[in-house]
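Undergrad: Got a structure here, written out as structure tokens. Questions coming.
The values are calculated or read from the model by the stated rules, or taken from the named source; none is laboratory data. None of these values were measured; they are calculated from a predicted model. Here the Cβ positions follow ideal geometry from the backbone for every residue, glycine too, while neighbour counts run over all protein chains shown. Heavy atoms of the whole protein, side chains included, go into the accessibility calculation; ligands, DNA and RNA do not. Shrake-Rupley method; radii C 1.70, N 1.55, O 1.52, S 1.80 Å.
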Amino acid sequence: MSVGSAVGREDTSELERVRRDFRAELLESGLLIGTSVAGLYGRSGLFEDIVDGIDRAVSDVGPGKAAARFRFPPVFPRTTFERTDYIASFPDLTGAVHTFTGTNAEHAQLLAARAVGDSWDRWLEPADTMLVSAACHPAYPMFTGVLPGDGALLDVYGYCFRHEPAFDPARMQVFRMREFVQIGTADQAVRHRDLWIEHGLEVLSDLRLEATPVVANDPFFGRVGRMLAANQREENLKTELTVRLYGDLDEGTAVVSCNCHQDHFGGTFGIATADGNVAHSACVGFGMERIALAMLRTHGTDPSRWPSPLKSRMSL
Ligand code: ZN
């Protein structure tokens, strides 16, 4: 999701204080369980009940059985990761899995280094897997080839990793995305994205959140990345639905992201439409933890005191 673009206008110290206070409240109430790593949390049963309630609200506006439902593990093949081109645009957010493949002698060296407090990472080798960065990524290889006339509509839900250590509880390193993905013609993809901006607003209003759609860009890395970000905005490829968690202190937190990928994935995964063109795709992602946090911030960190209709809507 995008970074605030008007940092200059933010009161950073006040914003930092409010974010830390909110984080402390979530930890003290036991909704989140802190770890030694910034942005990495356990979740309480109550937090999960909130996430499940949000998931049902999303399902209620979704396409139901018209979408093919897939659930992937949070790690996926390095070969698939390669084809997403993620490393070109977001090297700083990437997570790779490494493991030990050496001999007994090398293991002894590793343990000796560890015993004196030295780093032992150089005895590890890349495994065949990477951490999933976006819930839709593991799905594309299934569609290499020619699509049916109406394309493919998918419902995916899974954990994503992005290396962004932060104190803001809304910027977690590991979080869940529920996504609806359309692969098909350019028209089908754009229609899907536009339809889901409306559906996303419906879900958030159902959860009594005030959301605003804003044209946004991904946090592409480096100098080339700045050009990609400007392009993405100019071509209106990304709309985020944002909720103000911290009042006027920042521009709001993106809780839903609606993206047109043009023919990027169609090209890299060799997916063609029935009429022989490179397929386009679009996905909408609901940031489940961010929506839960927006609810806790808006309605209070004690869900037993939320308005009754909302509690029954969420089955809390
Ligand atoms: Zn996606």
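Undergrad: Express the relative contact order of the range 198-270 as a whole percentage, based on alpha carbon pairs under 8 Å and six or more residues apart in sequence.
TA: Relative contact order of the range 198-270: 26 percent.
Undergrad: For THR35, put the label point 7 Å out on the Cα→Cβ axis and report which residues of the range 145-178 keep their amide N under 14 Å from it.
TA: Counting only backbone N, you get 159-166, 172-176.
Undergrad: Now, a different point. Indicate the gyration tensor shape class of the range 126-197 (rounded, prolate or oblate), computed on the Cα atoms with a ≥ b ≥ c the square roots of the eigenvalues: a/c under 1.5 is rounded; otherwise a/b larger than b/c is prolate and the rest oblate.
TA: oblate
Undergrad: Let me ask something else about it. Given 0.36 nm per residue, what is the gain on full extension from SER44 to ARG78 after removing their alpha carbon distance, in nm?
TA: Contour length minus Cα-Cα distance gives 9.1 nm.
Undergrad: Computing the accessible area with a 1.4 Å probe over protein heavy atoms, can you report the carbon and sulfur percentage for the chain?
TA: 52 percent
Undergrad: Most fluctuating residue of PRO148, PRO74, PRO63 in a GNM of the chain with Cα springs under 10 Å: which is it?
TA: PRO148
Undergrad: Looking at the range 91-175, which chymotrypsin sites (Phe, Trp or Tyr not before Pro) are DSSP coil and have at most 16 other C-beta atoms within 10 Å of their C-beta?
TA: TRP120, PHE167
Undergrad: Please list 3J(HN,Hα) in residue order for the range 310-316, calculated via the Karplus relation 6.51 cos²θ - 1.76 cosθ + 1.60 where θ = phi - 60°; whole Hz, with x for glycine and proline.
TA: Values per residue, Gly and Pro as x: 5, 4, 6, 4, 8, 6, 9 Hz.
Undergrad: Right, next: From Cα pairs below 8 angstrom and at least 6 apart in sequence, can you work out the relative contact order of the chain, rounded to a whole percent?
TA: Result for the chain is 23 percent.
Undergrad: How many nm is it between the label spots at ASN231 and ALA272, if each spot is 7 Å from the Cα in line with the beta carbon?
TA: Result: 2.5 nm between the two label points.
Undergrad: Counting only heavy atoms of the protein chains, get the accessible area per residue of the range 17-173 (1.4 Å probe) and round it to a whole Å² value.
TA: So the range 17-173 comes to 51 Å² accessible per residue, rounded to a whole number.
Undergrad: Return the Rg/Rh value of the range 33-135, two decimal places, where both radii are evaluated on C-alpha atoms and Rh is the Kirkwood radius.
TA: Over the Cα atoms of the range 33-135, Rg/Rh equals 1.10.
Undergrad: Along the range 87-102, what does the Karplus equation 6.51 cos²θ - 1.76 cosθ + 1.60 (θ = phi - 60°) give for ³J(HN,Hα), rounded to whole Hz, x for Gly and Pro?
TA: Going residue by residue, I get 5, 6, 9, 9, x, 6, 9, 6, x, 10, 9, 10, 8, 9, 10, x Hz, with x marking Gly and Pro.
Undergrad: Pick out which of ALA170, ALA216, ALA96 has the largest mean-square fluctuation in a Gaussian network model of the chain, springs linking Cα atoms closer than 10 Å.
TA: ALA96
Undergrad: Compute the Cα gyration tensor for the range 112-251, then decide on rounded, prolate or oblate, letting a ≥ b ≥ c be the square roots of its eigenvalues: rounded whenever a/c is under 1.5, prolate when a/b is larger than b/c in the other cases, and oblate in all that remain.
TA: Verdict is oblate for the range 112-251.
Undergrad: Name the residue, out of LEU296, LEU40, LEU111, whose mean-square fluctuation peaks in a Gaussian network model built on the chain with Cα pairs under 10 Å.
TA: With Cα springs under 10 Å in the chain, the top fluctuation among LEU296, LEU40, LEU111 is at LEU111.
Undergrad: Any chance you could run the full-extension gain for LYS65 through ALA127? It's 0.36 nm times the residue separation minus the Cα-Cα distance, nm to one decimal.
TA: Taking LYS65 through ALA127 to full extension adds about 18.7 nm, to one decimal.
Undergrad: What is the range 40-97 by shape, rounded, prolate or oblate, if you read a ≥ b ≥ c off the alpha carbon gyration tensor as root eigenvalues and call it rounded for a/c under 1.5, prolate for a/b larger than b/c, and oblate otherwise?
TA: oblate
Undergrad: Just need the Rg to Rh number for the chain, please, alpha carbons only, Kirkwood Rh.
TA: When Rh is taken as the Kirkwood radius, the ratio is 0.99.
Undergrad: Towards the positive end of the charge dipole of the range 21-133, with charges on Cβ (+1 Lys, Arg; -1 Asp, Glu), say which of LEU26, PHE76, ILE54 has the farthest Cα.
TA: Result: PHE76, furthest along the dipole toward the positive end.
Undergrad: So, one more: How much accessible area per residue does the range 188-316 have, in Å², with a 1.4 Å probe?
TA: Normalised by residue count, the accessible surface of the range 188-316 is 44 Å².
Undergrad: What number comes out for the charge environment of TRP123, summing +1 per Lys or Arg and -1 per Asp or Glu over other residues with Cβ under 12 Å away?
TA: -2
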